[in-house]
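Input: a single structure, listed below in structure tokens.
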Number of protein chains: 2
Amino acid sequence: MSMHPHEGRLDRVWDSDAPRFTARTPRIVAARRLQRRRERDETGRFLAEGPQAVREALTVPGVVHELFGTEAGLDRYPELAAAAAAAGVPVSPVTDDGLAALTETVAPQGVVAVCAHRDVPLAAALREPPRLAAVLAEIRDPGNAGTVLRTADAAGAGAVVFAGDAVDPYNGKCVRATAGSLFHVDVVRAADPAAVVAALRASGLAVLAATGYGETDLDDLADAGGLARPTAWLFGSEAHGLPAELAAAADARVRVPLHGRAESLNLAAAAAVCLYASARALRSRESSR
Amino acid sequence: MSMHPHEGRLDRVWDSDAPRFTARTPRIVAARRLQRRRERDETGRFLAEGPQAVREALTVPGVVHELFGTEAGLDRYPELAAAAAAAGVPVSPVTDDGLAALTETVAPQGVVAVCAHRDVPLAAALREPPRLAAVLAEIRDPGNAGTVLRTADAAGAGAVVFAGDAVDPYNGKCVRATAGSLFHVDVVRAADPAAVVAALRASGLAVLAATGYGETDLDDLADAGGLARPTAWLFGSEAHGLPAELAAAADARVRVPLHGRAESLNLAAAAAVCLYASARALRSRESSR
């Protein structure tokens, strides 16, 4: 109970007497189709489930189209229903099976929001160039992509670019892996990774390719001051790595040093080490000004 | 083909005319039971699947009891069969369904080894204290535990302790997530995390608890020289974090700084940042000597 300090202090903003939507109610049937990529692409909408994602989605004006929740879910997180209502977002109670139809996890936490796609063109994300950015090049695994986006947000990145044949950022598993960070950073979808590299460089960012076969050691680069400037990191898929021509287009190909006998790091770990090395160098630069 | 330079150069060390074991052959039925924890605990054996795990297992004398492979798998990795045979390890051809019975992945790569548990008592792992160690406290998720072990190996850790009610390190998913690193580090299983902390400290290691609520910022600690000494990191589960009394027993409670708006990092990312911060500080210390 102490986890939910708002509990019981907010009045219900939704109509307790309204009939609950079920898995067969047309609005739920329509929303459920957003679990398919084609439907997301056609409508420009997606589903964000659970209180953390809904909370973060509601911080971005105009993103949430509708909030569905079980009676228990809406009562447990009354601040979400209140924020939705204050923003003019319909709040609709659903039955347990109605919620289950919209969610993909074993234990959905009672709320799910229909959200608008929120990616921006690359040029918009670079109008004020971020000091840190991440490019997910051809990363098709939704869990990996979402985790790297979350880590990039934590490290202070302002933009995350899904480049080439990467996963749909609005894939349910990807959205969940971002743990709300999908709503914190500029999300960009760009078909041509090479054009992304050119645009990042034109905006004054150093472009570093993270690859186990890189000629530059990450620690050496940090020691030489090479990370203390606005930087975009390129990450490739765990299975296939970065496309060779993309790695070649970067300013440097950087490897995380392997001190033990492991052959490699997994993508989430390598990205965390690279992004946090940049974050530390950028912070040191700022505090020494 | 270029990925397997040995291909075709080694003679078959196994009997091509021997009948292939099937999913119903008693030896396969017995080995398959090792997918259950109770059977692993009773026999002290486990299964390592895929060429990378088998290769690393074969580097540790006495670990591999038996190597099973499909004809295609044994022909594709003849160096594994040769190494097994040279060590006196039986190499047994199996049918495709025999292999499928022993493996848990959708695309098993043709080889699986029956291995002996290889954990050592904590005192043995600390006889020559490692300069870096990781303690997985009550981490029950096998993928997370295996990934952190792999990252710890990459960062140069000599020992990884599964403490308290942690996952069985020989769980198939955990073994796969280690990507061979299970065979590189001293693996320790210890029931009492508090006793582990005491033993690590008695061996001269600093004990740092990684927690999002820590009072010490990781970068500040690095700047102050606090990482340039032998260190054991304590990591808790993603869902529940470190037990409070264990965090309190550490020399410091350390948080990875959150520069953006993410509420937290996932375990694999946080552990990578902490372990690599230590690795870098230890390397700087050694190169400046």
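The values are calculated or read from the model by the stated rules, or taken from the named source; none is laboratory data. Here the structure is a predicted model, which means the values were calculated and not measured. No Cβ is skipped: glycine too gets one built from the backbone with ideal geometry, and neighbour counts run over all protein chains shown.
Brief remarks follow.
- For the stretch B:180-223, filtered to residues that are buried (at least 23 other Cβ atoms within 10 Å of the Cβ) and among the small types (Gly, Ala, Ser), the residue that is farthest from the other protein chains (Cβ to nearest Cβ) is B:Ala209.
- Scanning the stretch A:39-52 for residues that are surrounded by fewer than 16 Cβ atoms within 10 Å (Cβ to Cβ) and assigned to a loop (DSSP other than H, G, I, E, B) turns up just one, A:Gly44.
- Subset of the stretch A:215-240 (residues that are of a type in the set (Gly, Ala, Ser), closer than 15 Å to A:Ala137 by Cβ and out of contact with any helix residue (DSSP H, G or I) (no Cβ under 8 Å at 6 or more places or on another chain)): A:Ala239
- Looking across the stretch A:238-289, the residues that are charged (D, E, K, R) and facing chain B (nearest Cβ under 10 Å) come down to A:Arg261, A:Glu263, A:Arg280, A:Arg283.
- So A:Ala209, is it touching a helix residue (DSSP H, G or I) at 6+ places or on another chain (Cβ under 8 Å), assigned by TED's automatic domain parsing to the domain that holds A:Asp153 and free of Cβ contacts under 8 Å to residues at least 60 places away in the same chain: yes
Per-residue answers, yes or no, for (1) part of a helix (DSSP H, G or I); (2) in contact with an Asp or Glu (Cβ under 7 Å, 6 or more places away or on another chain); (3) at pLDDT 95 or above:
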| site | (1), (2), (3) |
| --- | --- |
| A:Ala83 | yes, no, yes |
| A:Gln109 | no, no, no |
| A:Val112 | no, yes, yes |
| A:Asp119 | no, no, yes |
| A:Pro130 | no, no, yes |
| A:Leu136 | no, no, yes |
| A:Gly143 | yes, no, yes |
| A:Gly146 | yes, no, yes |
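- You will find that of B:Ala191, B:Ala270, B:Ala209, the residue that is of a type outside the set (Phe, Trp, Tyr), in contact with a Lys or Arg (Cβ under 7 Å, 6 or more places away or on another chain) and modelled with pLDDT of 95 or more is B:Ala209 and no other.
- Within the stretch A:150-172, restricting attention to residues that are more than 12 Å from the chain's Cα centre (by Cα) and in a loop (DSSP other than H, G, I, E, B), the residue that is farthest from the other protein chains (Cβ to nearest Cβ) is A:Gly164.
- Of B:Arg36, B:Arg12, B:Arg76, all but one fail to be over 28 Å from B:Arg189 (Cα atoms) and surrounded by fewer than 16 Cβ atoms within 10 Å (Cβ to Cβ); the exception is B:Arg12.
- Options B:Glu138, B:Glu104: the member that is touching a helix residue (DSSP H, G or I) at 6+ places or on another chain (Cβ under 6 Å), surrounded by fewer than 22 Cβ atoms within 10 Å (Cβ to Cβ) and more than 14 Å from chain A (Cβ to nearest Cβ): B:Glu104
- Restricted to the stretch A:153-178, and to residues there that are more than 28 Å from A:Ser284 (Cα to Cα) and in contact (Cβ under 8 Å) with a residue 60 or more places away in the chain, the residue that is surrounded by the fewest Cβ atoms within 10 Å (Cβ to Cβ) is A:Lys173.
- Just one of the listed residues (B:Leu34, B:Leu74, B:Leu67) is more than 17 Å from B:Thr178 (Cβ to Cβ) and assigned to a helix (DSSP H, G or I), namely B:Leu74.
- Qualifying residue in the stretch A:224-234 (condition: within 10 Å of chain B (Cβ to nearest Cβ) and in contact (Cβ under 8 Å) with a residue 40 or more places away in the chain): no
- Scanning the stretch B:85-96 for residues that are part of a helix (DSSP H, G or I) and exposed (fewer than 15 other Cβ atoms within 10 Å of the Cβ) gives a single hit, B:Ala86.
- Residue under evaluation A:Ala250, criteria (1) more than 30 Å from B:Val160 (Cα to Cα); (2) surrounded by 16 or more Cβ atoms within 10 Å (Cβ to Cβ); (3) touching a residue at least 60 places away in the same chain (Cβ under 8 Å); (4) not hydroxyl-bearing (Ser, Thr, Tyr), criterion not met: (3)
- Against the numbered list (1) closer than 26 Å to A:Cys115 by Cβ; (2) surrounded by fewer than 18 Cβ atoms within 10 Å (Cβ to Cβ), A:Ala244 comes up short only at (1).
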